[in-house]
Amino acid sequence: MTERIGFVGVGRMGANMARRLKDVGYAVVAVHDVRPESAQSLAQEIAAEPCMSLARVTELADVIFTVVTDDNAMRKIYAPPKKSDSLLTSARGKLFVNCATITPGVHVEVEKAAKKAGAQSLEACMASSITQAREGTLYLMCGGTESAFERAKPILEKLGSSMRYIGRAGQAADVKALVNMVMNINTAALAEGLGLGAALKLDLAMLREVFSQTGANSRVLQTDGEDMQNREHSCFFSAAHAAKDSGIALSLAKEKGLDLPLAAATKRQYDRMIKEGLSELDKSGIAELTFKGRHKSKKKK
């Protein structure tokens, strides 16, 4: 465990990944976030430096994990170092492990920029949530060069219970986009099934049990079904992120000339949550739009 670790983006996922690596013996030496107070708090907890600049993270760490929000944030942290503060400043020999769900093409851009700076880049897309990040049981899909993957593998094994090398840069992000697209469709479908069940005055606990033993079963039934029934929408994966990720998949489909009506309808529902001020609810909050009497649209009828 000789590699020194840095983190850029220490929100719910990034912070718990940093805690996990600290717990298993890695030296987590640097943290940075667009919210300085978040970096300061975590740094104090795990005895790291709260870095005010991206370049300082690269200076201190050998392997830098990034967990940022979207394409724009990703491009910003990997900007040309001569033009702005950048992770690519004096980056020769460093390894960047990028965990955010972003457009696959941006992962390709980052790999090219890192290579130009004498560094390596790997996408390590996560198909799990906050609890798994803290426990080291993430499901990880990796894309990039095999040499970058092999270097990162010992660290990633401490973060995930399952890991798959998908292939070249961008391909893991392709897979992650499809995972989240299908997950979002399943979540929206479950909300409609339970919403209709409630309108029919069925026992929803019974209905969820029947779903679990039939073709209506899905992973989101386990993670979101009871929460939908009880209106418990504490955020593990926000509606805003669900909308973004469905949008990534739809953009990929458009590039290939495919029409995905279910994905498009699901995105419209999550976009509606954003418009109606529900963006920071968990994705299970989509049930607020489907259960009768729960949430009245602000749109004019």
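Only the coordinates and a few stated rules stand behind these numbers; no lab work does. A quick note: this is a predicted structure, and the numbers were derived from the prediction, not measured. All Cβ positions, even for glycine, are placed from backbone atoms using ideal geometry, and neighbour counts span all protein chains on display.
Relative protection proxy for 198-205, 232-239, 112-119, from highest mean packing down: 232-239, 112-119, 198-205 (other beta-carbon atoms within 10 angstrom). Net charge in the neighbourhood of residue 142 (other residues with Cβ under 15 Å of its Cβ; Lys, Arg +1, Asp, Glu -1) is 0.
Based on Cβ point charges of +1 for Lys and Arg and -1 for Asp and Glu, what charge dipole magnitude is obtained for the chain about its Cα centre, in debye rounded to the nearest 20?
Dipole about the Cα centre, nearest 20: 840 debye.
Between residue 212 and residue 69, what is 0.36 nm times their sequence separation minus the Cα-Cα distance? Round to one decimal in nm. That pair, residue 212 and residue 69, stretches by 48.2 nm at full extension.
Could you give the semi-axes, largest first, of the ellipsoid that matches the stretch 4-169, computed as the square roots of 5 times the alpha carbon gyration tensor eigenvalues and rounded to whole Å?
20, 20, 14
With the Cα gyration tensor of the stretch 117-189 giving a ≥ b ≥ c as the square roots of its eigenvalues, does the rule (a/c under 1.5 for rounded; else a/b larger than b/c for prolate; else oblate) give rounded, prolate or oblate? Because a/c hits 1.5 or more and a/b fails to exceed b/c, the stretch 117-189 counts as oblate.
Using the empirical formula 2.2 N^0.38 Å as the baseline, the Cα radius of gyration of the stretch 154-301 reaches a ratio of 1.13. Once the C-beta distance of residue 199 and residue 259 is scaled by a Förster radius of 41 Å, the resulting FRET efficiency is 0.85 to the nearest 0.05. Pairs of Cα atoms nearer than 8 Å and 6+ residues apart set the relative contact order; for the stretch 174-289 it is 38 percent. Positive-end ranking of 223, 270, 98 along the dipole of the chain, with charges on Cβ about the Cα centre, is headed by 270.
Approximating the spin labels as points 7 Å out from Cα along Cα→Cβ, the residue 47-to-residue 153 distance works out to 3.1 nm.
For the residue pairs 82/115; 22/112; 115/176; 158/254, the C-alpha atoms sit more than 27 angstrom apart in 22/112; 158/254. Considering only beta bridges that DSSP places wholly inside the chain, some 20 percent are antiparallel.
Which one of 188, 210, 177 has its Cα pushed farthest toward the positive end of the charge dipole of the stretch 174-289, where Lys and Arg give +1 and Asp and Glu give -1 at the Cβ? About the Cα centre, the residue reaching furthest to the positive side is 177.
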